[in-house]
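Read the structure below first, then the notes.
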Amino acid sequence: MTQPATAAQQEAPTSAAESAGTQESSRRLGLRWDVRSLSLLGVLAVLVAVGGITAPDEFLATSNLQLVLTQASVIGVVTVGMTFVITSGGIDLSVGAIVALASVWATTVATQEFGFAGILFTAVIVGVGCGLVNGLLIAYGRMVPFIATLAMLASARGLALQITDGSTQIVSVESVLDLGARDAYILGIPPLVLIFAAVTVIGWLLLNRTTFGRRTVAVGGNAEAARLAGIDVRRQRLYLYLLSGLCCGIAAFMLIVLAGSGQNTNGNLYELDAIAAAIIGGTLLSGGRGTVIGSVLGVLIFTTITNIFALNNLETAVQQIAKGAIIVAAVLVQRRSLHGDA
């Protein structure tokens, strides 16, 4: 006599089918992001070709390529932190102002008396401190990220202006200035580019190979479901804004090395550039998906566009229009991708 199937036996085929479906979905998603990364590499290659054709002597010069990578490094570090925040479903409009505040606080006369370590420590601790305030307001104060970070933007800019009184603070610590000198290049690579590469690798590993990264994606995909799964959503959001602040502090130090000074105008519009780079790289503004590599490619694309326009003496207005068109195209591609997933 045939025994009726138990509930577990009846559910087994269904579970296996669901598992297979999940694996197939993951493969498709991975393929989609691989295609996006290849597309971004293709766009970057086209831009390099355009630069080589329109200004071959200047654009393809080693010094200019080093300059492009160096300029991309500062905003690139900020973008890595922004990628985590956006992946979690948040936003950080204060990154540029935090970079400005950290750079001027770290270049005051009192701070410079402590030398290289004092400048680096101050830049990083100011960035982390601002990130802590953002995180507490958003995670535990239940403020909307847009409002909380907008308030930080205004406050940090104001404090930076008050510290400098509108003047430029010149760095006199030789060890900091030497880091930006050509003699400090390692195998022709500027130290700032190596810092950017290290932050990128750490960011990629953190997002793709750790529990922290999986929790970030889960919170961005569905915060309530993440909470029910045992994730402390508020603490995770706090950590993410701390991470963003840390990246801003590192970027501020890099900007000090690059410019040899601290100014309250530093980091102007960094928030828009970082958000735009993350978007065209494939990070969803709605949260739940993020890619550090895509964001880095986005930064390189925007930096290359700026360099090409500068070498060809084209107006800044045209450059901004081109950037805007790229952002619109990237968002439309995202919407089409989401519609396809549905």
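The values are calculated or read from the model by the stated rules, or taken from the named source; none is laboratory data. Remember, it's a predicted structure, so these values are computed and weren't measured experimentally. Neighbour counts run over all protein chains shown; Cβ positions are idealised from the backbone, glycine included. These area figures cover heavy atoms from the full protein model, side chains too; ligands, DNA and RNA do not enter into them. Shrake-Rupley method; radii C 1.70, N 1.55, O 1.52, S 1.80 Å.
Quick grid of which residues meet (1) at pLDDT 85 or above; (2) under 28 Å from Thr107 (Cβ atoms); (3) over 21 Å from the mean Cα position of the chain (by Cα):
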| position | (1), (2), (3) |
| --- | --- |
| Asn266 | yes, yes, no |
| Leu285 | yes, no, no |
| Arg289 | yes, no, no |
| Val299 | yes, yes, no |
| Val328 | no, no, no |
| Val333 | no, no, no |
| Ser337 | no, no, yes |
| Asp341 | no, no, yes |
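Of the numbered criteria (1) within 22 Å of Ser73 (Cβ to Cβ); (2) in contact (Cβ under 8 Å) with a residue 60 or more places away in the chain; (3) touching a Ser or Thr at 6+ places or on another chain (Cβ under 9 Å), the one Thr122 fails is (2).
Can you confirm whether Gly90 is among the small types (Gly, Ala, Ser), closer than 26 Å to Ala223 by Cα and surrounded by 15 or more Cβ atoms within 10 Å (Cβ to Cβ)?
Working: among the small types (Gly, Ala, Ser): yes; closer than 26 Å to Ala223 by Cα: yes; surrounded by 15 or more Cβ atoms within 10 Å (Cβ to Cβ): yes.
Answer is yes for this residue.
Any residue at all in segment 298-311 that is more than 24 Å from Ile250 (Cα to Cα), touching a residue at least 24 places away in the same chain (Cβ under 8 Å) and open to solvent by 50 Å² or more (accessible area, probe 1.4 Å)? Yes: segment 298-311 contains one or more residues that are more than 24 Å from Ile250 (Cα to Cα), touching a residue at least 24 places away in the same chain (Cβ under 8 Å) and open to solvent by 50 Å² or more (accessible area, probe 1.4 Å). Filtering segment 136-150 to residues that are open to solvent by less than 50 Å² (accessible area, probe 1.4 Å) and touching a residue at least 24 places away in the same chain (Cβ under 8 Å) leaves Ile138, Ala139, Pro145, Thr149. If you scan segment 93-108, which residues turn out to be surrounded by fewer than 24 Cβ atoms within 10 Å (Cβ to Cβ) and either of a type outside the set (Val, Ile, Thr) or free of Cβ contacts under 8 Å to residues at least 12 places away in the same chain (or both)? Hit for segment 93-108 is Leu93, nothing else.
The lone criterion from (1) under 17 Å from Leu243 (Cα atoms); (2) within 19 Å of the chain's Cα centre (by Cα) left unmet by Phe121 is number (2).
Out of Gly51, Gly127, one residue alone is assigned to a helix (DSSP H, G or I) and closer than 28 Å to Thr164 by Cα. It is Gly127. Comparison of Thr168, Thr164 shows that the only residue that is among the polar types (S, T, N, Q) and either open to solvent by less than 60 Å² (accessible area, probe 1.4 Å) or closer than 22 Å to Gly294 by Cβ (or both) is Thr164.
Taking segment 218-256 as the range and being in contact (Cβ under 8 Å) with a residue 12 or more places away in the chain, part of a helix (DSSP H, G or I), farther than 14 Å from Ile91 by Cα and aliphatic (A, V, I, L, M) as the test, the residues that pass are Ala218, Ala223, Val233, Leu246, Ile250, Ala251, Ala252, Met254, Leu255, Ile256.
Pairs are defined by a Cβ separation below 8 Å, a sequence spacing of at least 6 or placement on different chains, a first member in segment 155-178 that is without any contact (Cβ under 8 Å) to a residue 24 or more places away in the chain, and a second member that is surrounded by fewer than 20 Cβ atoms within 10 Å (Cβ to Cβ); the pairs so defined are Asp178/Ala184.
Restricting segment 52-68 to residues that are surrounded by 18 or more Cβ atoms within 10 Å (Cβ to Cβ) and of a type in the set (A, V, I, L, M), the residue that is nearest to Phe302 (Cα to Cα) is Val68.
Inclusion of Ala277 among residues that are open to solvent by less than 20 Å² (accessible area, probe 1.4 Å) and modelled with pLDDT of 95 or more is not warranted.
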